[in-house]
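Read-outs throughout are calculated quantities, based only on the coordinates presented, and are distinct from any laboratory measurement. The structure displayed is predicted, hence computed values, not measured ones. Cβ sites come from the backbone with ideal geometry, for glycine too, and all protein chains shown count toward neighbours.
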Amino acid sequence: MDGDTLYSIGELARRTGLTVKTIRFYSDRGIVAPTDRSPAGYRLYNIDAAARLELVRTLRELGLDLPTIRKVVDRELSLPEVAAAHAEALAVQIRVLRLRRAVLTAVAERGSTPEETKLMHRLAQLSQDERRRLIGDFLDAVFGGLDAAPAAPAFAGVMRSMTPELPDNPDAEQVQAWVELAEMSMDPDFRAMVRRMIEDLAAEQARSGVKIPRRDIAATVRDEAGPALAAGLDPASAQADPVVAAFTAHYAQFLGRPDDAELRRLLATRLESVNDPRRERYFQLLAVVNGWPAPASLAPVLDWSVEALRVRTPR
């Protein structure tokens, strides 16, 4: 296009790929005004008008409204400023859409009732401060009153390891995980179950007199019994005796008690408590929310260990 050449609206439409109706629309609103008029009164445009039209089309495709576009092409607003503001607005819209998608997906997968759907929607929309208060209330219910326990530093570490931190721009899976985790944290039965586990740990610490963080017995059992489980060893077989003896000896040493039938019953009960599927689900969801690697399931090795203990311990 020549800089001095004027083009009719039809010619401009062919060159820009826009319709005559669209160009006339922009022209009527003063966004791309005609450069001149023909003797018959028809609108004529120069090369600058074509460039403005290209910019207008691009900005419209990016979602900017016409009043803002007019200010940009008239240089009342700088394009970088407008782009930054619009990008921020889009980020908010994207977050809202992600939340909605996550809630709807969860509703579809879980067959939720209207009441459950309303709760999920509310949980998904909580602010960062509201989320922290909700989880803080859960952790207070679970760990409250244990500040003076012999291994209070260990409990502080456990609390941190159980705290979800939803990122600023979560994906749909993280939002879904957060909603389910938040629901669990408000469940009185789940709170009571976790509280009992923590109280058991506190009692163990008190009996042992250990005042520093210690390795959880479930992790020790996993390391001892895991290879036996992987090898297909029958928990009731004689070949499993050394495996059981290894982790019961560890537990006995920690508690300062003899490795007898009573201790083995105590350990079996402790492992059954740790093996609650709700505990495992919480940590699976926590890993998704926090972007951590998925934790390995303890259920198979704990099942094996409890069975191995029970068959060797008279009721």
| field | Helix axis angle, 277-290 relative to the chain longest principal axis, alpha carbon, degrees | value | 40
| task | Please work out how much length the chain gains when fully extended from Asp4 to Ala156, using 0.36 nm per residue of separation minus the C-alpha to C-alpha distance, in nm with one decimal. | result | 47.1 nm
| query | Taking Cα atoms, how many degrees apart are the long axis of helix 241-255 and the longest axis of the chain, rounded to 10 and kept between 0 and 90? | reply | 90
| message | Quick one: 3J(HN,Hα) in Hz for region 115-120, Karplus 6.51/-1.76/1.60 with θ = phi - 60°, rounded, Gly and Pro as x. | response | 5, 5, 5, 4, 5, 4
| remark: Distance in nm between Thr58 and Arg15 label points, each 7 Å along Cα→Cβ, equals 1.8
| remark: Non-local residues with an amide H under 5 Å from the amide H of Leu166, with H modelled 1.01 Å from N and Pro and chain starts lacking one, are none
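Can you give the Rg/Rh ratio of region 155-197, where Rg is from the C-alpha atoms and Rh is the Kirkwood radius? Intermediate results must be reported in sequence, preceding the final value.
Details: Rg = 12.2 Å, Rh = 11.7 Å.
Taking Rg over the Kirkwood Rh, I get 1.04.
Hey, how much of the P(r) for region 154-308 falls beyond 22 Å, as a percent of Cα pairs?
48
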| message | Output wanted: per-residue J couplings in Hz (rounded whole) for region 67-76, from phi through Karplus 6.51 cos²θ - 1.76 cosθ + 1.60, θ = phi - 60°, x for Gly and Pro. | response | x, 5, 4, 4, 5, 5, 5, 8, 6, 7
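Quick one, can you get me the convex hull of the C-alpha atoms of region 1-64 expressed as volume per residue in Å³? Please list the in-between numbers first.
Details: hull volume 4.9 nm³, N = 64.
It is 77 Å³ per residue.
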| query | What angle, in degrees between 0 and 90 and rounded to the nearest 10, separates the Cα long axis of helix 152-161 from the longest principal axis of the Cα atoms of the chain? | reply | 40
| field | Convex hull volume per residue in cubic angstrom - Cα atoms of region 205-296 | value | 124
| In Å, what is the Rg of the alpha-carbon atoms in region 66-189, and how long is Dmax? | 20.6, 71
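How far, in nm, would the chain grow between Ala219 and Leu90 when pulled straight, counting 0.36 nm per residue and subtracting the alpha carbon separation?
Details: separation 129, 0.36 × 129 = 46.44 nm, distance 4.56 nm.
Computed gain between Ala219 and Leu90 is 41.9 nm.
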| said: Using the Karplus curve 6.51 cos²θ - 1.76 cosθ + 1.60 with θ = phi - 60°, what ³J(HN,Hα) values do you get for each residue of region 109-114, in whole Hz, with x for Gly and Pro? | reply: 6, 9, x, 5, 7, x
| field | Gyration tensor (Cα) of the chain, equivalent ellipsoid semi-axes in angstrom | value | 69, 20, 16
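Quote to one decimal, in nm, the extra length available between Thr105 and Asp189 on full extension: 0.36 nm per residue of separation minus the C-alpha distance between them. If you can, show how the numbers build up before the last one.
Working: separation 84, 0.36 × 84 = 30.24 nm, distance 2.60 nm.
Difference between extended and current length: 27.6 nm.
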